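Encoded as structure tokens, the structure appears first; notes follow it.
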Amino acid sequence: MADLDAAWNRLEAAAKAAGEKRIVEMFDAEPRRLETLTLDVAGLHVDLSKQAWDEAGLEAALDLAHAADVEGARAAMFGGAAINSSEGRAVLHTALRAKADADVKAGGAPVMAEVEAVRARMKAFAEAVRSGEIKGATGKPFKAILHIGIGGSDLGPRLLWDALRPVKPQIDLRFVANVDGAEFALTTADMDPEQTLVIVVSKTFTTQETLANAGAARAWLAAALGETGANQHLAAISTALDKTAAFGVADDRVFGFWDWVGGRYSLWSSVSLSVAVACGWDVFQGFLDGAAEMDAHFRTASLEANAPVLIALAQIFNRNGLDRRARSVVPYSHRLRRLASFLQQLEMESNGKSVGPDGRPVKRGTATVVFGDEGTNVQHAYFQCMHQGTDITPMELIGVAKSDEGPAGMHEKLLSNLLAQAEAFMVGRTTEDVVAELTAKGVSEAEIATLAPQRTFAGNRPSTLVLMDRLTPRTFGALIALYEHKTFVEGVIWGINSFDQWGVELGKVMAGRILPELESGAAGSHDPSTAALIGRLKK
Ligand code: F6P
């Protein structure tokens, strides 16, 4: 503990010192900077050289990782120890992408036989739906899937579909998550129940939104096909197999997973069955294989050369060393446009904690706000604030080196913007440079005095760039696994349990209390504002 406190102190001091330097000048002062801070892993090129740390800062960050025993925690996770201590569960989403013969145990019990059995059922089901062997109630093949789920039962599969979907899919895939009926209505308006397979995805099978949408979908199917017909169009994914049976899904249409897979880590499981059907099994298998490659790297590489560890340390350097309380993730890829939404759950649900597993308050800040959207679109939206706002927000920029999609020439334009932004964030633009340009244009001295400061860019805004060779199932799997392990490492260093989510419970309980009040009128006890709003809605 003393070592850990001392390591934190060293990190904070090193960050203070580095924060007074200019990142761009660190390249001259540190001849090996680029080499030390770039890595190639599983088809991803990770460049951390534009981050705010100097050599001493990086060293202090690595010391902190050693002092927090990231290596020990990593071994405990892969070894199937119950590291989700508040729920007494192992954390083994990595088993879902491991080879069938891998030796993986949860609390001492081997898991791979079960994992492989579900994978084999998923594969057979995906192939049978695609070939038309599994048909709808009227004998027609399925041409669409309606995936119903929320949070971890939605964000991952949605991102996966966008990232890897064919341009013209044989089977269309739609998603419904929100309990706002508008989403259900808009999504199903042009769907044909006769040729739609509904897959209900809920780890717990108790989630209000999902059960409401599942009920709506069943009614939508039954209106066209009758109750018995509707059953032939249903499949379910859950760890609560008793509840899926009670909902009326036939046993051979239910695909399980395990309590050692957290919702936000579940896209490697049967939770993504809809994507495996709509993209084909090989695509899904490639996705698992890419993640397995990242797992092998994370598990075996030294902390100094470990991509998830270094990305986590850059975040901790910014967050705790330099007090930067947000981070923006911007994929220069339309297919990855939902990455930030996925990461919001992965990082903020995992690490948005204020106490450790011992119940004591943490001593330092934990998860930051993460936000983002696709480049170049964001350049025309919030990037003004990123370049010239009063707060510095570290960035993660993600690019795809090669793409054959779309008209010729567009991809180069996309990439030029990506590189330009990363350079501009770091280098900025000096007042002298602006003055020289305005002077050359013949602008008056008085105007220059007011214009030059407005057109100056301070720069020195840190960013990490992740360049994927191509966006393939493998590289995409590696990218998501990279973020999962990054989140884990941060949680270890912050001293929190990244695998529970008690903070989402209170709102659910209170909504459960308010619903009957809105429906029947018996008023409960509330604060004045909430009571007034309930009264207003009842009128
Ligand atoms: O809202 C919290 C949460 O429990 C998430 O952690 C989870 O991904 C989501 O709800 C959906 O839960 P389920 O898959 O059990 O329906």
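The values are calculated or read from the model by the stated rules, or taken from the named source; none is laboratory data. Predicted model, so just to flag it, every value in this text is computed and none were measured. Reconstructed Cβ throughout: ideal geometry from the backbone, glycine too, with neighbour counts over all protein chains shown. What goes into the accessible areas is simple: the full protein's heavy atoms, side chains included, and nothing from ligands, DNA or RNA. Shrake-Rupley method; radii C 1.70, N 1.55, O 1.52, S 1.80 Å.
Please give me the summed charge of the neighbours of R324: other residues whose Cβ is under 11 Å from its Cβ, Lys and Arg +1, Asp and Glu -1.
+2
Rounded to the nearest 10 Å², what accessible area does E55 show when all protein chains are kept and the probe is 1.4 Å?
Roughly 110 Å² of E55 is accessible to a 1.4 Å probe.
Output the pairs from K99/K243; K21/K441; K243/K538; K105/K508; K99/K203 with a Cα-Cα distance over 26 Å in this structure; if there are none, say none.
Over 26 Å Cα-Cα: K99/K243; K21/K441; K243/K538; K105/K508.
Ordered by residue, what ³J(HN,Hα) values in Hz, to whole numbers, does segment 500-508 give under the Karplus form 6.51 cos²θ - 1.76 cosθ + 1.60, where θ = phi - 60° and Gly and Pro are x?
10, 7, 5, x, 8, 6, 4, x, 5
Once you sort the root eigenvalues of the Cα gyration tensor of the chain as a ≥ b ≥ c, which label holds: rounded (a/c under 1.5), prolate (a/b larger than b/c) or oblate (the other case)? Kindly include the intermediate steps, with their values, before the conclusion.
Values: a/c = 1.61, a/b = 1.51, b/c = 1.07.
Note, shape of the chain comes out prolate.
When a/c reaches 1.5 or more, the comparison of a/b and b/c decides; with that in mind, is segment 1-155 rounded, prolate or oblate per its Cα gyration tensor?
prolate
To make sure I understand the rule: partners must be lysines, Cα under 24 Å from the Cα of K16, and not fewer than 8 residues away in the same chain. Which ones qualify?
Of all the lysines, those that pass the test against K16 - Cα under 24 Å, at least 8 places apart if same chain - are K50, K363, K486.
What percent do you get for the relative contact order of the chain when only Cα pairs under 8 Å and 6+ apart count?
Values: 903 pairs, mean separation 102.9, N = 539.
Relative contact order comes out at 19 percent.
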